[in-house]
Amino acid sequence: MVLSFVTALAGGVLRDVLIGAVPPASLRDWRYATTAFAAGAGAFFFYRFVSTIPTVVLVVLDAAGLGLFAVAGTQKALDFRMPPLIAVLLGTITGVGGGTVRDVLLAQVPTVLRSEVYATAALAGSVLMVGMRRMNLPPRVAALAGGVACYIANGQRVATLESAPSGRMRLRDALTTCPHPYPGRQGRGHFPQIRMAPGDPVRVSGCGRRAG
């Protein structure tokens, strides 16, 4: 439940604190927390059903949510008269902040550091939205365009999943998720030990020295 709250709202809380909108909106309005907790409880109690949802569907929904959060964060920053560059950065933080805090709490490398397009997609959507607002286009049109741009930029992740065999991951992604047990000895000859089963995600059991 805590992770569901953090994933959904941490980015917005951080944005509000940075722009001085305190207490943050998600803490003043009970509906934000209720929605996050309800979604977390649903995923917990109906895990058997949720676990059967194809990964591609989850990535598509995640891309749509990223676009929505990015443009919402950018819009609020502009409403508080933030400079364009700061508004873009705050929009990106709103989009990726919750997932980043969640991964840190889970002792994992944040997705934003492992995926080439995740933060870039949020940044692209925010930049387009700010640019269109600077051209005096209607806010709704600018927000829609920014959200669509973010979603399209995330399309690379969807295409990668659709083309990759089930249960496989690029070795480079697996490497980034495996912390090395010997600080300062991440040089040549050290690789993570990876166990894979058909249909399962990559499981990294730890880092060890390469034989020979």
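Bear in mind these aren't lab numbers, they're just calculated from the coordinates by the rules spelled out. Being a predicted model, the structure only gives us computed values, none of them experimental. Positions of Cβ are generated from backbone atoms using ideal geometry, with glycine treated the same way; all protein chains shown enter the neighbour counts.
Points worth noting:
- For the stretch 2-163, the share of alpha carbon pairs falling in successive 5 Å distance bins from zero is 2, 10, 17, 20, 21, 17, 9, 4, 1, 0 percent.
- Counted by neighbouring Cβ atoms within 10 Å, the residues PHE37, PHE44 run from fewest to most as PHE44, PHE37.
- Backbone geometry of the stretch 92-99 corresponds, through the Karplus equation with coefficients 6.51, -1.76 and 1.60 at θ = phi - 60°, to 3J(HN,Hα) couplings of 5, 4, 4, x, 9, x, x, x Hz, x marking Gly and Pro.
- For the stretch 1-96, convex hull of alpha carbons as volume per residue, Å³: 86 Å³
- Computed extension gain for THR52 through VAL141, at 0.36 nm per residue and net of the alpha carbon distance, reaches 28.4 nm.
- Extension gain, LEU105 to ARG81, is 5.4 nm, computed as 0.36 nm per intervening residue step minus the present C-alpha separation.
- The string of couplings for the stretch 135-140 from the Karplus curve (6.51, -1.76, 1.60, θ = phi - 60°) is 8, 6, 7, x, x, 5 Hz, one whole number per residue in order, with x for Gly and Pro.
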